[in-house]
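The next block holds one structure in the form of C-alpha cells; read it before the comments.
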Amino acid sequence: MSNHLRTFALLAGLTALFMGVGYVIGGGMTGALIALGVAALMNVFAYWNADKIVLSMYRAKAVDESHPSAMVRTYVADIREMADRAGLPQPKVYVIETDQPNAFATGRNPQNAAVAATTGLLSMLDRREVRGVMAHELAHVKNRDTLTMTITATIAGAISMLANFALFFGGNDRERPGGIIRTLALMILAPMAAMLVQMAISRGREYAADHEGAQISGDPGALADALQKIEAYARGTVNVGAERNPATAHMFIINPLSGRGADNLFSTHPATHNRVAKLEALAAMTGRWPAGRTTTSVPVTNRPWG
C-alpha cells in the first residue's frame with residue numbers, strides 16, 4: 001500500500017472512530033450520523049482555517065527579510081532559496097518564541113503554506129543545520145502533508161473532547177447494565193485509538209520528508225546532525241504551547257512533548273536514531289558528507305528508505 005493510500009485509510013479510520021463516539025453519545029445511528037456531519041464540517045473548516053489556528057496557538061510571528069535580527073534574516077533568505085530550488089511557491093515564514101528547538105509546516109496546499117521555527121532552533125543550531133530542518137519542512141509542503149497533518153490534529157482533538165463529553169451525555173447506553181463501565185472505557189480507549197492513528201500517519205510522513213528534505217538542502221548530514229541536537233536539547237526544555245495542545249505534537253519535526261527513544265505505538269515520531277541512520281546512509285551513498293566526518297549508525301551498504 002502506498003504512503004498516500006495508507007494515509008487516506010488511516011484518516012477514514014479516524015473519521016469512523018469519531019462516528020463511533022457519536023453513536024455512543026447519541027444513543028444509536030442518529031448520533032453516528034450527526035458525528036459524521038460534524039466531522040465533515042470540521043474537515044471543511046480545517047481545510048480553510050487550520051493553519052491560522054495552529055499558528056495562533058503558538059503565537060507565531062511572521063518575519064521577512066526586513067527583520068532587525070541578522071539571524072532571522074538569514075533564516076528567511078535560506079527558506080526563500082530552498083523553496084525556489086524545490087520548485088515551490090514562497091511560503092510564509094514565522095518564528096515562535098520558545099527555548100525548545102523545533103519547527104513545523106502548515107497550510108492547505110503549497111500556494112498557502114507556512115513554515116515556522118522556534119527561537120530555540122535558530123539560536124542552538126548552526127546555519128547548515130537550520131537549513132536541513134527547514135528543508136524537511138518544505139518537503140512536507142511539497143508532499144502536501146501539511147493539510148493531512150492539520151486535519152488529523154483537528155479530528156483527534158475533537159475525539160478526545162467528545163469522549164470526555166460521554167461521561168455527562170452518555171445517551172441511553174448508561175441506563176443499561178454495565179453502561180457506565182462502557183462509557184468510562186470509551187473515555188479512555190477512544191482518545192488512545194485516535195492517538196495511535198494520528199501517530200501512524202505522522203511516522204510515515206516524517207521518513208518521507210527526511211528523504212525529500214535531504215534532496216532539497218543537498219546535505220543529508222545536516223538534517224542528521226540537527227535531529228540529534230534537537231532531541232538532546234528538547235528533552236530538557238518545555239514547549240508550553242505544545243503541552244497545552246498535544247494534538248498538534250505530530251506536526252513538529254521532533255516530538256515536543258517528550259523524548260521517546262523507540263518506534264512504538266505511542267511515539268509521535270520515528271525514533272531519532274532510525275531517522276539519523278537513514279540520512280547517514282543516504283549521505284554516504286551520494287557522497288554528500290562533510291569532510292572528516294564518518295557515519296556512526298549504519299554501514300555504507302545500507303539502502304535508506306527501503
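For the stretch 90-141, the mean projected area of the C-alpha convex hull, equal to one quarter of the hull surface, is 3.2 nm². Bridging of residue 61 to lysines at a Cα separation below 20 Å is possible for 52, 92, once same-chain residues fewer than 8 apart are set aside.
Each residue of the stretch 59-68 is assigned a 3J(HN,Hα), and the resulting list reads 6, 5, 10, 5, 9, 8, 5, 8, 4, x Hz, derived from the Karplus form 6.51 cos²θ - 1.76 cosθ + 1.60 (θ = phi - 60°), x at Gly and Pro. For residue 278, the aspartates and glutamates whose Cα comes closer than 15 Å to its Cα, not counting residues fewer than 8 places off in the same chain, are 206, 210, 212, 219, 225, 263.
No lab work stands behind these numbers, since they all come straight from the coordinates. Quantities reported herein were computed from a predicted structural model and do not represent experimental measurements.
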